[in-house]
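Engineer: Once you've had a glance at the structure underneath, I'll fire off some questions.
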């Protein structure tokens, strides 16, 4: 964080009366190490990506999430794009602090294949993580491994907490509602909104469209203490009505 004399300036409006304030400081999200055997499935291990996994992980994304082709997220399809972006297990002490993306893989210990992958993006100064992508390889979408995958991912709450982040978000595509159900009804996250046309997505051949995504959020590490309360927000009546209704809907969010 660069130091700047801000004394000649002032905010548009004095805010933060409804929450705690703190000194501005350098902040860091540090990716925690993970090496985790999935309960009730002795053949599935969750761990951080290593360089030997790159080709298999990129192929997993091409097989399970080809819709990102041609979009701002296309880099996950190309093995040569991983170096410089991703925290690798071989250089964890440095990369866990400096790299923008962490990738968790699920390895089938019987075959040595990568059965699933999840990608996370961080913004240090905002103490924020986006759980950017989750995918199961098409070969593993049925059977014992698939049945345990989502329940095991519930354990990432502690992983998020250990990173030092205060705020975590995720978005779900709308070509199915399975992941919406998981984040909202099983994991207990709150709906932030629906973004029509949020990202370009591949259809087939060389065609694309703008897809719709549903966004969810969750506070970590007392982040809500530093968040302004709704009574402090200046909202149009229609937007206030929307917020109140959204809060009513979010009461149905539950962690199982």
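The values are calculated or read from the model by the stated rules, or taken from the named source; none is laboratory data. Here the structure is a predicted model, which is why all the values come from computation and not from measurement. With ideal geometry, Cβ positions are generated from the backbone for all residues, glycine too; neighbour counts draw on all protein chains shown.
Engineer: Could you list, in sequence order, all residues of the stretch 76-114 that are touching a helix residue (DSSP H, G or I) at 6+ places or on another chain (Cβ under 7 Å), buried (at least 19 other Cβ atoms within 10 Å of the Cβ) and over 13 Å from residue 60 (Cβ atoms)?
Structural biologist: 87, 88 - these are the residues of the stretch 76-114 that are touching a helix residue (DSSP H, G or I) at 6+ places or on another chain (Cβ under 7 Å), buried (at least 19 other Cβ atoms within 10 Å of the Cβ) and over 13 Å from residue 60 (Cβ atoms).
Engineer: Another question, if that's okay. Which one is modelled with the lowest pLDDT, of the residues in the stretch 163-190 that are touching a helix residue (DSSP H, G or I) at 6+ places or on another chain (Cβ under 6 Å) and farther than 18 Å from residue 135 by Cα?
Structural biologist: Applying the filter and picking the extreme gives 189.
Engineer: Step by step: first the residues of the stretch 223-253, then only those that are out of contact with any strand residue (DSSP E or B) (no Cβ under 9 Å at 6 or more places or on another chain) and not in a helix (DSSP H, G or I), then the one that is nearest to residue 182 (Cα to Cα). Which residue is that?
Structural biologist: Across the stretch 223-253, the extreme among qualifying residues is 252.
Engineer: Taking into account only those residues within the stretch 160-183 that are under 14 Å from the mean Cα position of the chain (by Cα) and farther than 25 Å from residue 63 by Cβ, which is surrounded by the fewest Cβ atoms within 10 Å (Cβ to Cβ)? Spell out how you get there, then give the answer.
Structural biologist: Step one: list which residues in the stretch 160-183 are under 14 Å from the mean Cα position of the chain (by Cα), which gives 160-161, 163, 165-173, 179-180, 182-183.
Restricting the remaining residues to those that are farther than 25 Å from residue 63 by Cβ gives 160-161, 163, 165-169.
Values: 160: 20, 161: 14, 163: 22, 165: 25, 166: 22, 167: 20, 168: 25, 169: 16.
Among those residues, the one meeting the criterion is 161.
Engineer: I'm trying to understand the selection: among the residues of the stretch 11-41, which are at pLDDT below 95, more than 22 Å from residue 97 (Cα to Cα) and in contact with a helix residue (DSSP H, G or I) (Cβ under 8 Å, 6 or more places away or on another chain)?
Structural biologist: Scanning the stretch 11-41 gives 38, 39, 40, 41.
Engineer: With 210, 218, 201 as the choices, which residue is touching a strand residue (DSSP E or B) at 6+ places or on another chain (Cβ under 8 Å), in contact (Cβ under 8 Å) with a residue 12 or more places away in the chain, part of a strand (DSSP E or B) and surrounded by fewer than 15 Cβ atoms within 10 Å (Cβ to Cβ)?
Structural biologist: After applying the criteria, what remains is 210.
Engineer: Moving on. How many residues does the stretch 70-112 hold that are touching a residue at least 60 places away in the same chain (Cβ under 8 Å) and in a strand (DSSP E or B)?
Structural biologist: Summing the residues that are touching a residue at least 60 places away in the same chain (Cβ under 8 Å) and in a strand (DSSP E or B) in the stretch 70-112 gives 5.
Engineer: Every residue in the stretch 29-69 that is in a strand (DSSP E or B) and loosely packed, with under 15 Cβ neighbours inside 10 Å, please. Before you say what the answer is, go through the steps one by one.
Structural biologist: Of all residues in the stretch 29-69, those in a strand (DSSP E or B) come to 35-37, 44-48.
The answer is 35, 37.
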